[in-house]
Structure formats: structure tokens, C-alpha cells
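The values are calculated or read from the model by the stated rules, or taken from the named source; none is laboratory data. Keep in mind that what you see is a predicted model, and the values were worked out from it rather than measured. Cβ placement follows ideal geometry from the backbone for every residue including glycine, while neighbour counts extend to all protein chains displayed. With ligands, DNA and RNA removed, areas are computed over all heavy atoms of the protein, side chains included. Shrake-Rupley method; radii C 1.70, N 1.55, O 1.52, S 1.80 Å.
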There are 2 protein chains.
Amino acid sequence: MTMDQMSATEATTPEHLETLLAAAEPASRAWAAATPVRRAEVLDVVAQALDGAADELVPLAMSETHLAEGRLRGELKRTTFQLRLFGEVLRDGHYLDVRIDPADADWPMGVPRPDLRRWKEALGPVVVFAASNFPFAFSVAGGDTASALAAGNAVLLKAHPGHAGLSHRTGQILTESLRAAGAPDGLFAVIYGREAGTTALKDSRVKAGGFTGSIPGGRALFDLATSRPDPIPFYGELGSNNPVFVTAGAAASRTNEIAEGFLSSATMGAGQFCTKPGTLVVPAGSGLVDRLRGAALAEPATLLNERIQEGYTHVLEQLSGHPAIDVLAQGDDPLADPPSPTLLRTTAEDMLADPDALQRECFGPTALVVEYSDESQLVEVAESFEGQLTATVFAAEDEDVRDLVTVLARKAGRVLWGQWPTGVSVTYAQQHGGPYPATTAVGFTSVGTAAIERWLRPVAYQGFPQAQLPEALRDENPLDIPQTVNGRTR
Amino acid sequence: MTMDQMSATEATTPEHLETLLAAAEPASRAWAAATPVRRAEVLDVVAQALDGAADELVPLAMSETHLAEGRLRGELKRTTFQLRLFGEVLRDGHYLDVRIDPADADWPMGVPRPDLRRWKEALGPVVVFAASNFPFAFSVAGGDTASALAAGNAVLLKAHPGHAGLSHRTGQILTESLRAAGAPDGLFAVIYGREAGTTALKDSRVKAGGFTGSIPGGRALFDLATSRPDPIPFYGELGSNNPVFVTAGAAASRTNEIAEGFLSSATMGAGQFCTKPGTLVVPAGSGLVDRLRGAALAEPATLLNERIQEGYTHVLEQLSGHPAIDVLAQGDDPLADPPSPTLLRTTAEDMLADPDALQRECFGPTALVVEYSDESQLVEVAESFEGQLTATVFAAEDEDVRDLVTVLARKAGRVLWGQWPTGVSVTYAQQHGGPYPATTAVGFTSVGTAAIERWLRPVAYQGFPQAQLPEALRDENPLDIPQTVNGRTR
């Protein structure tokens with residue numbers, strides 16, 4: 001960082017935070033009043049500005065996060081794709097969930113039905129806490145910001161200290177391109193420092209929070225949001241073990257494919273993905289275990305920052321020291337900086353005896369192989385997990401694994417068949433979120449088009465004259481928004 | 001109550017609660033696995049059984065709640081209508097929000113898109129806390145139960161002690177008709193006593209809570225739900241003042257209509273509705289104030305129970321004793337049991353000076369008239385309110401009240417034009433919920449078909465063979481569920 005950048009990323013003062021919050025409120029209202037198509041046009045301008053700054057931003061990200069250039073270029077592309085995809089959501093209009101019930105004197109409830117029209121409106125200013133491990137896609141211009149802006153909210157973005165310089169520069173480009181596109185001043189700002197983040201989250205002008213990070217950090221912020229005099233929604237994506245379950249049939253017929261896919265997915269990005277497969281449940285004594293024992297693992301890679309390095313070695317030491325765990329494969333320097341990847345081993349019986357210790361998320365290049373002696377243990381082990389972002393099954397296409405899949409669908413937001421959970425596609429049907437502690441709001445996703453639902457609230461208008469209604473709720477429908485009339489899609 | 005009923009409604013013991021919770025979990029799973037149409041058929045059977053028991057249930061309700069027969073017959077009709085309407089939601093299938101993204105090698109994100117299919121699945125057993133003021137529609141077989149059962153969840157219903165005998169008998173009919181229709185045993189049970197309710201809410205098998213009642217009671221339960229080791233969604237409908245704003249034009253041209261409508265809506269059901277218009281903001285010195293001063297109010301009516309009578313007289317004494325408040329109209333015995341209705345008066349300036357005291361919900365037959373001297377104060381007074389279930393405008397059709405309506409739409413879940421907020425219609429577009437303290441979950445409704453969304457969570461399936469997918473997610477779509485494919489409704 002230059003001296004200017006260092007001074008720009010110092011902790012936001014209470015006075016400056018107050019200025020930003022005071023500006024965010026009117027900006028949020030003006031932005032919410034713009035048409036969805038207008039907001040889509042602005043998001044396109046922002047996406048274009050970020051794409052154009054790739055050659056400046058990617059080296060900055062490399063220097064702060066130790067992530068590789070290819071990965072970061074791909075992540076920036078994903079980030080601008082998200083901004084444009086939310087533009088598509090806005091142009092489509094289904095996200096407004098417009099429902100129109102004309103007055104009905106014969107409504108079978110027994111009393112006449114008034115004219116009722118319902119849609120979704122923006123919440124107001126929101127605060128988003130950026131992640132360490134995705135400096136673009138879950139940070140300043142990431143999915144939370146894109147979806148909250150799309151929905152019509154102002155955003156205060158709490159920068160992650162692991163990439164403050166990149167956050168500052170990305171924030172400048174975002175603010176400048178928003179202004180150039182005609183968005184209201186004060187609609188977006190980056191804030192720095194834990195104190196500024198928690199103060200913003202507790203401020204009565206802030207109407208929701210978003211977060212991607214650790215379980216303790218996310219839980220502390222969730223507790224703040226829910227203990228306010230006026231509690232607000234808090235969408236935290238906290239942690240996940242992402243277990244993978246392999247039947248004997250799959251282990252026998254696809255030994256190499258599963259072994260290689262697992263090693264690659266578990267050590268990709270030095271294992272620093274919330275969807276890293278942390279546990280692989282396999283038949284005891286199978287060729288798959290033989291194939292993994294002593295396997296050549298990925299080269300040592302520097303972790304995102306010192307704090308993550310410390311946390312990683314701490315958890316790895318605890319796991320390695322557990323009496324039920326031994327080492328299946330390991331490089332020369334598992335606890336060094338950078339660390340060699342590690343593959344640990346235990347049995348299904350041992351995991352069932354101490355799930356809290358053996359299912360703990362180890363953020364970094366370590367994963368645990370669990371050997372089962374009886375296929376019925378697959379369901380038992382699956383039942384022992386708490387909430388997950390993902391859970392995966394490897395089985396033959398015609399195997400009856402319904403019981404296992406049913407349990408996994410209760411535990412996780414995304415269930416995969418014969419694929420690896422890393423690489424979360426941004427689509428209409430994506431679900432990135434699950435029961436606690438995967439997320440703090442089980443009914444929502446932080447990736448994919450449905451992520452916009454987090455920043456909206458329904459409002460119904462009863463008995464309004466046509467000209468006094470929001471345009472999307474009028475019979476003439478000048479904005480051509482999809483309308484459901486009397487319970488039927490038009 | 002008979003001796004048998006008294007014993008049946010004693011506090012649920014910890015041992016019995018454990019039996020009910022243990023039964024609810026497998027029942028919930030079996031019920032969730034039934035097709036939506038099958039669940040609709042069962043809800044129809046329940047509705048028919050309750051309709052058939054009207055002549056037994058209504059007198060029981062009258063004896064316990066002091067509500068009038070006509071009102072209670074209408075409420076039971078509303079209750080069985082709700083059960084059937086959720087059946088219609090199940091047969092329609094849009095509530096599942098099925099999204100299908102076929103694999104796409106050219107997905108513009110930059111990496112190939114896997115096959116992803118997302119829908120909504122039931123949460124699991126939920127606990128619902130019944131309300132005092134709607135012994136049918138927000139109680140044992142009320143909207144929370146109907147929507148949670150429709151979504152595929154088991155329900156433990158914590159009875160309100162104000163109508164325990166009715167709750168017991170309604171619960172019997174519900175349980176018997178569920179069994180007769182072939183629903184799994186243990187799917188529904190009534191529990192009694194505060195301790196049983198809070199124990200259930202904290203139990204790890206329970207996945208969500210619903211509540212209709214007071215701000216302190218709802219907040220205490222919300223705090224329990226969110227401070228669990230694994231926090232769960234808590235849908236509480238807590239309290240609302242439901243202010244009504246009258247422009248000078250409307251006050252002059254519709255004096256009698258507004259005065260009579262207000263008096264009727266504010267004292268209907270002895271003012272014991274969460275949508276009672278508690279505040280009427282009117283032009284100072286207008287004919288509308290003259291018309292209300294000394295107006296003949298409704299006859300005294302016994303309140304629901306002693307606790308509500310005590311709370312009512314306590315709040316009324318506090319309001320009447322406030323230096324900025326005087327009496328506009330009052331019967332002979334405002335603090336007696338039963339109480340005569342009361343109409344209080346203050347000014348916009350005074351309300352803006354002490355909103356906490358003057359906007360406090362007074363549950364019972366009291367309302368406050370607020371005189372403004374300048375129409376610009378309408379927006380100011382509107383801004384001073386916290387979250388509301390409803391807010392209402394009386395204005396001429398061509399008056400420019402956009403600023404006022406915009407503020408009210410930020411404050412309330414339902415905004416009315418020239419109508420009264422009591423009498424919440426059960427429809428597709430209804431919204432009963434708003435920012436805190438109106439509700440604890442701002443994005444949801446507890447009335448209308450969208451209420452089913454509270455009891456569901458999204459699950460995505462990635463890369464599954466067709467035969468291993470839930471039927472609703474298959475290409476052949478054997479259940480004929482609406483599917484959105486690649487972001488477009490089929």
C-alpha cells in the first residue's frame with residue numbers, strides 16, 4: 001500500500017461514520033424510487049468500470065491475499081458477471097412478486113375482499129461485512145453488495161483488513177462509476193475497522209446486515225443484530241464442513257476419479273473455501289483408502305493472512321492430537337508457513353463418538369477421511385452433522401441411496417451427486433446457505449439470483465386509486481412487470 | 001370447563017412434552033414426503049370437521065372469551081377458509097419456487113454451469129404460540145398452524161390460557177380428523193403452560209417458532225429463539241398502533257363517514273384487534289374534531305380476560321394522566337369492568353415531543369385523536385412512528401400525498417387508502433407484518449397465502465440423475481408443478 005492508501009484505510013472515525021450513515025438514508029430512498037431497469041443500467045456501468053480496471057486490481061489483490069493471478073482474474077469476472085446478472089433480474093421483474101387481488105364481493109371467506117396489491121420494497125441502508133477469502137466476489141463489489149444495490153438499498157461495506165488496499169481502490173471505482181451513472185451520492189461507502197462495523201450494525205438507520213466469515217465472528221454480529229432494540233435481519237454465512245459420502249459401489253468403480261477429485265477440491269486455493277470438502281466418508285479398507293494413503297498432495301501455498309495461518313495450525317494441531325485420528329498423507333512441513341497439505345484419517349465409530357471435535361471446520365489445506373465398516377453407517381454419520389452449506393453423494397446411478405439423500409437435504413442447502421462442492425456457480429437455481437451454523441438465516445441464499453430476496457420486504461396497498469399506486473401495481477402496468485392476479489400468473 | 005377438560009389443560013409435563021417432541025420429528029418427515037396434493041386433501045378433511053363442530057365450538061369460545069356469537073361464527077368460517085385456501089396453494093404449486101438450470105458449458109460466468117435444481121422443503125417440527133384475541137383464527141387451527149401444516153411441518157401448538165378449554169376441544173378435533181385422513185400420528189399436538197412452550201422453543205428438534213401477542217411476550221420468545229446454540233427463525237406478530245392520517249380535504253368532505261368509520265373500527269370487538277386504529281391524525285379545529293367531541297361511543301363490553309382488563313386500565317390511566325392528553329369523548333365507566341370506550345385527544349406538537357408515551361398501544365376500546373395545525377405535520381408525525389402492521393390515509397383521489405404514502409410504506413406492511421384496517425382479509429396479496437415491533441421478521445406475513453413461506457427453506461440439487469431427484473424437480477415433472485427453467489417461467 002502507498003502512504004495515501006494506508007491513511008485511507010485507517011479505522012473509520014465515529015464522526016465520518018455518522019456522515020456516511022446520514023448520507024446513506026436519503027440516498028437509499030432516492031435509489032429505491034428509481035425503476036428496476038434504471039438500476040440495472042447503473043449496475044452495468046459499475047461492472048464495466050471494474051472489468052476495465054482488472055489490470056490494476058488483480059496485482060493489488062495478489063499482493064494482499066497471496067492468491068494466484070488466474071484465480072483472481074476468474075473471480076473478478078465472476079464479480080462483474082454477478083452485477084450484470086442482477087441487472088437481468090431487475091429487467092425481468094419477477095423478483096418484485098407483484099400480487100393483485102381485485103375487490104371481490106363474493107370472496108368465499110365470508111366477507112367482501114377489498115382491493116389488495118402487494119409487492120416488495122427495499123429495506124433501506126444495509127451493512128455488509130466482507131470476507132477474507134474472496135477479495136472480489138464476497139467483498140466490496142461482491143454478491144452481497146450487488147444484490148443489495150439491485151434491490152434498491154444503500155450499502156455500507158465493512159472492508160476485510162486482509163485486503164484493505166484492494167478494498168479501498170475497488171470502493172473508489174465503485175463510487176466513481178455509480179456517480180458517473182447518475183446514482184445518488186452516498187449510496188455506497190467502504191468503512192474500516194471492527195468498531196465502525198459494529199456501530200453501523202447497531203445504528204437504527206441500518207435495516208439489515210450481511211456477512212461471510214467465521215462462526216465466532218458471524219455469531220457475534222448476529223447477536224448484535226438480534227439484540228438491538230429493533231432487531232434486524234442478519235444474513236451470515238458462517239462455516240461448513242461439506243462432507244462427502246461414498247458408497248462401496250462408487251468407491252470400487254471410480255477409485256481414481258474420486259481420489260483425484262477429492263485431493264484437488266480439498267486443497268484448491270489452499271483449502272480456503274467455505275465449500276471445501278472437509279470430510280470424505282469411504283468404505284474401510286477399500287482401494288480408495290489405499291489410493292489416498294501416502295498420496296502426493298499439493299505444494300505448500302501461503303494462506304490469506306497471518307491470522308488464518310495461526311488459526312489453521314491451531315486447529316490442525318488439535319485434530320492431529322486427537323486419539324482417534326492418524327495421518328493418511330502429509331507433506332514435509334504441515335505446520336510451517338506456508339503449510340504442506342494434510343490428509344487425516346479416522347473411523348465412522350470414532351466420529352460418531354466425538355462429532356464436535358472431529359467435524360470441526362479446518363480452514364486451510366487439511367481434510368479428514370472417515371472409514372466406515374458397514375454402509376448403514378453412511379446415514380448415521382450424515383445424521384451426526386450440524387447444518388452445512390453442501391453435502392455430497394458418490395453412488396451408482398441406480399443405487400438406492402434415498403435415505404442418505406433425504407438426511408443430507410435436511411442438513412445442507414445444496415446436495416451434490418458425483419461432483420465436488422467447490423466452485424459455486426452463480427445461477428438462478430443456486431442455493432448457498434443452509435441450517436445453522438452454515439448460515440444464520442436458513443431460508444435464504446447469498447449466491448445466485450435469489451440472493452436479492454434478502455434485502456426486500458413485502459408491502460400491500462389496500463383500496464388505492466390507480467394513480468396513487470406504485471406503477472408496478474397498476475392495472476395498466478406501464479413498466480410491464482410480471483403480475484399475479486387473483487392468485488394466477490398473468 | 002368440565003373436570004376432564006380442566007385436567008386435560010393442566011401444564012404439559014416435561015415427560016409428556018418429550019413424548020410429543022419425539023413423535024413430532026418422524027411425523028414431520030413422513031408428512032413432508034407426502035405430495036402437496038395429498039396434504040391439501042388432508043387439510044380439506046380438517047376444515048370440514050371443524051365446520052361440522054361449529055355448534056359445539058362457538059358456545060365454548062363465547063364462554064371463555066366473552067366475544068359475540070356472530071363474530072365467533074365468522075372467525076371459525078375464516079379459519080376453515082384458511083385451511084382450504086392453503087390447500088389451493090398446495091394444488092397450485094408455485095409456492096415451491098421450483099427453479100431448474102440445466103448444465104450449460106457456455107454460461108457467461110466464465111466456467112461451465114452444472115445442472116442445478118432448487119425448490120423449497122419443510123423446516124421440520126415448529127412451535128406456534130396462540131393468541132388471546134382470535135380463539136379460532138390465530139389459535140389451535142389458525143393461520144400459523146394451517147400454513148405450517150401445508151408446508152409439510154409438524155406443529156406443537158402452545159394454547160393460550162384465555163381459552164384453554166376451546167383449545168383442548170379444537171385440538172381433539174384437529175388430531176382426530178388428521179388421523180382419519182391418514183396423516184402421520186404425532187403431526188399435531190396442543191401443549192399447555194409457559195414452561196412447556198419455552199422448553200419446546202429451545203429444543204433442538206424444533207426448527208421455527210410462530211407467535212401472535214404482546215410486545216414483551218413476543219420479544220422474550222424471540223430472544224430465546226435467537227439465543228439458542230442453533231438460532232431458528234421466529235415469526236412474531238407483536239403489536240401495532242395503526243395510525244390513520246386525514247388530510248384537510250378529506251376531513252371537510254367526508255366528515256361523518258370518517259368519524260363513524262373510526263369509532264366503529266376502534267371499538268369493534270372492544271378494541272382488541274392488532275389492527276385497531278389507535279391514532280387518528282386530523283386537522284385542528286375541523287368539523288371532524290367537533291363531530292368526535294362528546295360522540296356517543298359503543299356500549300361497555302367485557303374484555304377477553306382479567307389480564308387484558310388489567311393491562312388496559314393500566315395503559316389508559318397512564319395515557320389519561322399524561323399532561324398533553326385530554327378526553328374527547330368517554331362513557332360513564334372508563335376504568336370499570338367492563339369498561340366504557342374512551343376517545344383521547346392531543347396535538348401533533350405534543351405527540352412529536354413524546355412519541356414513546358403517546359404512541360403506546362392501548363389494547364382495548366381506547367383511541368387517540370391528534371390535531372395538527374399544518375398539513376406538513378402529517379409527514380412529520382408519520383415519521384415519528386416505529387414499525388406498524390398498517391397505516392392509513394384519507395385524502396381526495398387527486399390530492400398529492402406521495403410523500404406521506406412513501407413514509408407510511410416504509411413504516412408499515414399494509415397501507416390503506418380511505419378504508420379501515422380492522423378486518424384483515426385472507427387473500428393472495430395480503431401482508432400482515434411490518435418492521436419491528438409490528439413483527440420480528442420483517443420479510444414475512446402471518447396472514448394470506450404468502451404465510452406459507454415462513455415454514456420452508458430452499459434446497460438445491462446439483463448433478464443428480466433424473467430418477468434420484470424429487471419428482472417436482474424432474475424434467476418429466478410427473479406432479480405438474482410450475483417450473484422456472486433457466487430463469488424463465490415455463
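Note on B:A180/B:E257: beta-carbon distance plugged into 1/(1 + (r/R0)^6) with R0 of 45 Å gives a FRET efficiency of 0.35.
How many percent of all Cα-Cα pairs in the stretch A:244-417 sit more than 19 Å apart? Looking at the stretch A:244-417, the distances longer than 19 Å represent 54 percent of pairs.
When +1 charges are put on Lys and Arg Cβ atoms and -1 charges on Asp and Glu Cβ atoms, the dipole computed for the protein assembly as shown relative to its Cα centre reaches about 1040 debye.
What nm distances, shortest first, do you get from the label point of B:S63 to those in the other copies when the point sits 7 angstrom along Cα to Cβ? For B:S63, the inter-copy label distances come out at 8.3 nm.
Inter-part distance, the stretch A:166-232 to the stretch B:381-414, computed on C-alpha centroids, equals 28 Å. Peptides A:139-152, A:86-99, A:238-251, A:44-57 ranked from most to least packed, by the mean per-residue count of other Cβ atoms within 10 Å: A:139-152, A:238-251, A:86-99, A:44-57. Working from Cα pairs under 8 Å separated by at least six residues, relative contact order for chain A is 18 percent. Taking the longest Cα principal axis of chain A as reference, the axis of helix A:36-52 is set at about 50 degrees.
Hey, what's the Kirkwood Rh for the stretch A:68-224 if you take every pair of different alpha carbons, in angstrom?
Values: mean 1/r = 0.0573 Å⁻¹.
Final number for the Kirkwood radius of the stretch A:68-224 is 17.5 Å.
Karplus-derived 3J(HN,Hα) values for the stretch B:100-109, using 6.51 cos²θ - 1.76 cosθ + 1.60 with θ = phi - 60°, are 10, 10, x, 3, 9, 5, 10, 3, x, 4 Hz; glycine and proline are entered as x. Of the three principal axes defined by the Cα atoms of chain B, the extents in descending order read 73, 66, 41 Å.
Roughly speaking, what % of Cα-Cα pairs in the stretch A:1-96 are separated by over 20 Å, rounded to a whole number? Summing the P(r) of the stretch A:1-96 above 20 Å gives 59 percent of all pairs. The overall shape of the stretch A:228-306 is oblate: from the C-alpha gyration tensor, with semi-axes ordered a ≥ b ≥ c, the ratio a/c is 1.5 or greater and a/b is no larger than b/c.
With only alpha-carbon atoms in the gyration tensor, what are the semi-axes of the equivalent ellipsoid for the stretch B:162-238, in Å, largest first? Write out the running numbers ahead of the final one.
Working: eigenvalues 128, 53, 20 Å².
Calculated on Cα positions only, the semi-axes equal 25, 16, 10 Å.
Could you list the square roots of 5 times each eigenvalue of the Cα gyration tensor of the protein assembly as shown, that is, the equivalent ellipsoid semi-axes, sorted largest first and rounded to whole Å? Write down the numbers at each step before the final one.
Numbers: eigenvalues 481, 236, 118 Å².
Here the semi-axes work out to 49, 34, 24 Å.
Considering only Cα-Cα distances, which of the following residue pairs are longer than 28 Å: A:K120/A:K411; A:K158/B:K207; B:K120/B:K158; B:K158/B:K276? Checking Cα-Cα distances, A:K120/A:K411; A:K158/B:K207 exceed 28 Å. The same position A:P338 in the other copies lies at 7.9 nm from this copy, comparing label points 7 Å beyond Cα toward the beta-carbon, shortest first. Neighbouring Cβ atoms from other chains, within 10 Å of the Cβ of residues in B:421-428, number 6 on average.
Figure legend: label point modelled 7 angstrom from the Cα of B:A220 along Cα→Cβ; residues of the stretch B:126-153 with amide N under 16 Å from it are B:129-132.
Around A:G162, under 14 Å between beta carbons, what's the net of Lys plus Arg minus Asp minus Glu among the other residues? Numbers along the way, then the final one.
Values: positive: A:K158, A:R194, A:R307; negative: A:E64, A:E306, A:E310.
Around A:G162, the charge tally is 0.
Relative contact order for the stretch A:244-417: 27 percent, from Cα pairs under 8 Å spaced at least 6 residues apart, divided by residue count. For chain A, a simple Cβ point-charge model (Lys and Arg +1, Asp and Glu -1, everything else neutral) yields a dipole of about 1400 debye relative to the Cα centre.
Ignoring everything except DSSP H segments at least 4 long, calculate the 222 nm mean residue ellipticity for the protein assembly as shown; use -39,500 (n - 2.57) per segment, divide by total residues, nearest 500.
Numbers: 34 runs with 388 residues, N = 980.
Dividing the helical sum by the residues of the protein assembly as shown leaves -12000 deg cm²/dmol.
Each other copy places its own label point for A:D354 at 6.3 nm from this one, sorted shortest first, where the point lies 7 Å along the Cα-to-beta carbon line.
Panel note: contact residues of the stretch B:117-155 (accessible area lowered by at least 30 Å² against the chain on its own; 1.4 Å probe) correspond to B:R118.
Quick check: the angle from helix A:164-180's long axis to the longest principal axis of chain A, C-alpha only, nearest 10 degrees? Approximately 30 degrees, to the nearest 10.
When the charge dipole of the stretch A:377-488 is built from unit charges on Cβ atoms (+1 for Lys and Arg, -1 for Asp and Glu) and taken about the Cα centre, the candidate among A:H432, A:W455, A:G387 whose Cα reaches farthest toward its positive end is A:W455.
Here's the picture: a label point sits 7 Å out from the Cα of A:M6 along the beta-carbon direction, and within the stretch A:39-64 nothing has its amide nitrogen under 14 Å of it.
Contour minus end-to-end for A:N477 and A:M62, with contour as 0.36 nm per residue of separation and end-to-end as the Cα-Cα distance?
Details: separation 415, 0.36 × 415 = 149.40 nm, distance 4.84 nm.
Additional length available on full extension: 144.6 nm.
For the pair B:K202 and A:A105, what calculated FRET efficiency results from E = 1/(1 + (r/R0)^6), where r is the Cβ-Cβ distance and R0 = 45 Å, to the nearest 0.05?
Details: r = 47 Å, r/R0 = 1.04.
The pair A:A105/B:K202 has a calculated efficiency of 0.45.
Taking the C-alpha atoms only, the angle from helix B:54-65 to the longest principal axis of chain B is near 50 degrees.
Normalising the average separation of contacting C-alpha pairs (under 8 angstrom, six or more residues apart) by the number of residues puts the relative contact order of the stretch B:391-490 at 16 percent. Which residues does a label at A:A30 reach in the stretch A:170-211, if reach means a backbone N under 18 Å from a point 7 Å past the Cα toward the Cβ? Under 18 Å, as judged by backbone N against the label point of A:A30, lie A:174-190 of the stretch A:170-211.
Maximal additional length on extending the B:A284-B:D337 stretch stands at 15.8 nm, based on 0.36 nm per residue less the C-alpha distance. Can you find, among B:A196, B:A259, B:G285, the residue farthest towards the positive end of the dipole of chain B? Put +1 on the C-beta of Lys and Arg, -1 on that of Asp and Glu. It is B:A196. Taking Cα centroids, how far is the stretch A:1-57 from the stretch A:289-322 in Å? The two parts, judged by their Cα centres, are 37 Å apart. Taken about its Cα centre, the stretch A:72-205 carries a charge dipole of roughly 500 debye when the Cβ of each Lys and Arg holds +1 and the Cβ of each Asp and Glu holds -1. Here the chain A residue lying nearest the rotation axis onto B, judged by its C-beta and given with the distance in whole angstrom, is A:T226, 2.
The residue among A:A22, A:I100, A:G142 whose Cα reaches farthest toward the positive pole of the charge dipole of the stretch A:7-155, with charges on the beta-carbon of Lys, Arg, Asp and Glu, is A:I100.
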